[in-house]
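Here is the structure we will look at.
The values are calculated or read from the model by the stated rules, or taken from the named source; none is laboratory data. Since we're looking at a predicted model, the values are computed, not measured. Virtual Cβ from ideal backbone geometry, glycine too; neighbours counted across all protein chains shown. Side chains included, ligands, DNA and RNA excluded: accessible areas come from the protein's heavy atoms. Shrake-Rupley method; radii C 1.70, N 1.55, O 1.52, S 1.80 Å.
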Amino acid sequence: MSEEVQINVGGTLFITKWSTLHKHRNTLLGSLSTTSEFYSKKKQYFYFDRNPDYFNIILDFYRNGHIHFPTHVCGWIWKQELQFWRIPETEISECCYPTYVKYDKNRAVTEYIKNAFIVYTAEYQTKAVSCLTGITQRIWLFLEEPTSSLAARIFGVIYILVVVLSAITPMLVTYPDIREQIVDIDVLVYVMTMKGLNLWINTENPKEVMFVTTKMPDWLQNLDLFIMIFFSFEQLLRFISCPRKLHFFKDWLNVLDILLFIAMWVRYGISHHREKILESLDLLIIYAVCYSVVVFRLLRFFRITRQYSALRILLMSVRVSLKELSLLIITVMVFILLFSNLIYFAELREPSTFPNMLTGLWWSVVTMTTVGYGDVVPHSVLGCLVGSFCAMSGLLILAMPIAVIAGKFNDLYEKNAEREDFIKLHQQNEIAENQIQPWEKIKSMKKDGISNEDGLRIVDLSMGQE
C-alpha cells in the first residue's frame, strides 16, 4: 500500500499520509481502509460529501494533535463536523473551546427565552376547534397575552389601574379623616362592660381606637368590593380557559391569586361581624393577617410583563441569577455574624452600648446594607474601627453580584432583541407571500381560460392590463 492517501472532500482533492491518519485510529479517518464504503476503487480515492473549507482544520488535528477553530464559523457547524469525523470533544484545544461551547450556551439562552414567551394554545389546535373551544381560546389569549389584540391591550391598561387601586385602597382605610365615626370609645367600653364582655382594646393606642370606633365610608367599601369581584371573576375565567390546568398551578402568580382569593373573601366575611371582632382577639388577628396578605395584590402587576418584554427579561435575569443571589445571602450572613461578635467584644467596656450580640446583629445588618439608622452606634475607638470595616465590607459584598446580574440581563436582552427581529422578519415575509398569492391565482385563472362569470374586473398589475 502506498504511503500517500487521497481524500476527495466536496470536489476538492486532499493528499496526506496513512501514518498521519493512524495517529488517531478511533476516528473516522483513522479507521479508513480500501474496503471502506467511502473508497472508490475506480478513482482510487476516498470521497466525502462535506464542505472542503473545513477539512483543513480536521487534517491539522491529525498533524498537530489538537483542534483549533476559526472564530468566524458558527459552533453548530463544528459540532456537526466533529460528529461526522468521530473526533471527541476532548481533543479541542483549551483556547478554542469557548468558541465551540458558545453555540450551546447561546442556544440554551434562546430556548429559555422562547419557552418563557410561549403561549400555551397547542391543545386548542391539535384537533378540530369547536365553537365553545374557540371562545375559550380567545378568552385565554385575551387574559394571558396582552399583545394578542387591541382589546387585550385595553384590558391590560384597565388591569394595571385596578391593581394600583387595590394598592391605594388599604392606605385610604387607615387614614382617620376618611373614616366615619360610629361610636365614642367611652360609650363602646361602657356597652361592652354592661354586656359582660372582655374588651381587648388598648384605649391608649389611637390606632386600635380608630379601627373600633370608625368604619370605612360606603364609597370605599363599594370600591373594595368591586376590586374583589373584578379579581375573582378574572381568576375564574383564567382557570376555566387555561388549556393546561397543571401548568396553571405551576405559575407562582396563579398560586398567589388563589391565596389572595381566599384571604379577600375571608376578610370580607369577618368584616361583617364587627361585634365578634371586638370580643375575640384571635378573630382580629385572623382579620389582620388576611388584610395584610391582600396587599400582595400589587404583585399582580407582573402579569402585564408579557406586554413589556424588557420587564419580563429583567425578571428572567433575576431568576437565572438565583445561584449568585444565594451565594450573596450566605456571604452577607457570615459577615453579619462575624461583625456582630466583633462589635460586641470591641464595646465590652462600654456600659451603655451593645448589651448583647443580638443588638450587634441588628447593627451589622443596618451597617452592611449602608442604611445606618443611628439608633445603636459604637463609642470606643476599637468599635469605630470595627464599624468602618463592616461598612466597607458591605459595599464590596453587595456590589459584586450586581455586575453578574447586569451581565446576564444584557445577554438575555440582546438575545431577545435578536429573537424578536428574527420573528419580525418571518412575519414580514409571510405577509408579503400572502399579498402575492391572490395575484398568482388570478394569473393562473387567466392562463387556464377561466371566465369571470361574476362580472368582476380582473386587473393584471404586472402587465398593466385588464
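Tabulated data for the structure shown
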item	result
L342 being in contact (Cβ under 8 Å) with a residue 40 or more places away in the chain, open to solvent by 60 Å² or more (accessible area, probe 1.4 Å) and over 30 Å from the mean Cα position of the chain (by Cα)	yes
Residues of region 359-369 classified as over 14 Å from L342 (Cβ atoms) and either among the hydroxyl-bearing types (S, T, Y) or free of Cβ contacts under 8 Å to residues at least 12 places away in the same chain (or both), total	2
Lone unmet requirement of (1) surrounded by 15 or more Cβ atoms within 10 Å (Cβ to Cβ); (2) modelled with pLDDT of 80 or more; (3) assigned to a helix (DSSP H, G or I) for L396	(1)
Any hit, region 54-76, residues being on the phi < 0 side of the Ramachandran plot, acidic (D, E) and touching a Leu at 6+ places or on another chain (Cβ under 7 Å)	no
Lone unmet requirement of (1) at pLDDT 80 or above; (2) touching a helix residue (DSSP H, G or I) at 6+ places or on another chain (Cβ under 8 Å); (3) not aliphatic (A, V, I, L, M) for H379	(2)
Within region 104-137, tally of residues that are surrounded by 12 or more Cβ atoms within 10 Å (Cβ to Cβ), more than 20 Å from D251 (Cα to Cα) and modelled with pLDDT of 75 or more	7
Sole residue being in a helix (DSSP H, G or I) and farther than 30 Å from L314 by Cα, chosen from L358, L348	L358
Output for region 171-186, where each listed residue is out of contact with any Lys or Arg (no Cβ under 6 Å at 6 or more places or on another chain) and under 11 Å from K215 (Cβ atoms)	V173, I178, R179, Q181, V183
Residues located in region 45-96, provided they are in contact with a strand residue (DSSP E or B) (Cβ under 7 Å, 6 or more places away or on another chain) and basic (K, R)	R50
